[in-house]
Amino acid sequence: MEARNYFTGILIAGLLMAGAVPDATAGSLLADLENALMCKCDDKCGKVLINCTCSTADKTRADFTKMLDSGLTVEQIIQGQVEKYGETVLSAPTKHGFNLTAWATPFGALLVGGYGVRRVLQTWTRKKQPPLPESGKEDSADQSQNHPSEKYSRQLQDELDRIEN
């Protein structure tokens, strides 16, 4: 008998949750619309509709709710707004045509800038190599100038020899 009550409870909970799904879906559809469109208030606030608190935004939300309840899809409502106000009503540029550059340019600039910074850092950190001596043209005095460690070693040895004498 106890298992029967358990399954009945699960069945009732499932039915209650199934009834709440359309409300949650309608709310998420409205949120999608609000994120996709800009507010078209008289103040020209320039905010995304979901962030705007003006009376025009409230009226627009009510209109969108009515449109969603009448069976229009999010895409149809967005398309209607684009036809009414133009592409400036969209919160993000479309991903085709000339607007594609608005999406691609920042990534291209980051790549080019990163490459430029890398080249500059490589240039700054590269050790300077002394020029290679030409064979047979330099005598021992010139070679000691090209290699300071040999010059100082010889000078140290001379000083030590003088001290021992």
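Kindly indicate whether any position in segment 15-38 is surrounded by 11 or more Cβ atoms within 10 Å (Cβ to Cβ), modelled with pLDDT of 70 or more and in contact with a Cys (Cβ under 6 Å, 6 or more places away or on another chain). For segment 15-38, residues surrounded by 11 or more Cβ atoms within 10 Å (Cβ to Cβ), modelled with pLDDT of 70 or more and in contact with a Cys (Cβ under 6 Å, 6 or more places away or on another chain): absent. Figure legend. Inter-residue proximity from segment 38-52: first residues aromatic (Phe, Trp, Tyr), second residues part of a loop (DSSP other than H, G, I, E, B), beta-carbon distance below 6 Å, spacing 6+ or different chains. No pairs are indicated. Residues that are over 17 Å from residue 37 (Cα atoms) and open to solvent by 70 Å² or more (accessible area, probe 1.4 Å) within segment 80-105 comprise 96, 98, 100, 103, 105, listed in sequence order. If I filter segment 67-79 down to residues being loosely packed, with under 13 Cβ neighbours inside 10 Å and in contact with a helix residue (DSSP H, G or I) (Cβ under 9 Å, 6 or more places away or on another chain), which single residue comes out as nearest to residue 38 (Cα to Cα)? It comes out as 76.
The values are calculated or read from the model by the stated rules, or taken from the named source; none is laboratory data. Predicted model, so just to flag it, every value in this text is computed and none were measured. FYI the Cβ positions are ideal-geometry reconstructions off the backbone, even for glycines, and counts take in every protein chain you see. Ligands, DNA and RNA are excluded from the accessible area calculation, which covers all protein heavy atoms including side chains. Shrake-Rupley method; radii C 1.70, N 1.55, O 1.52, S 1.80 Å.
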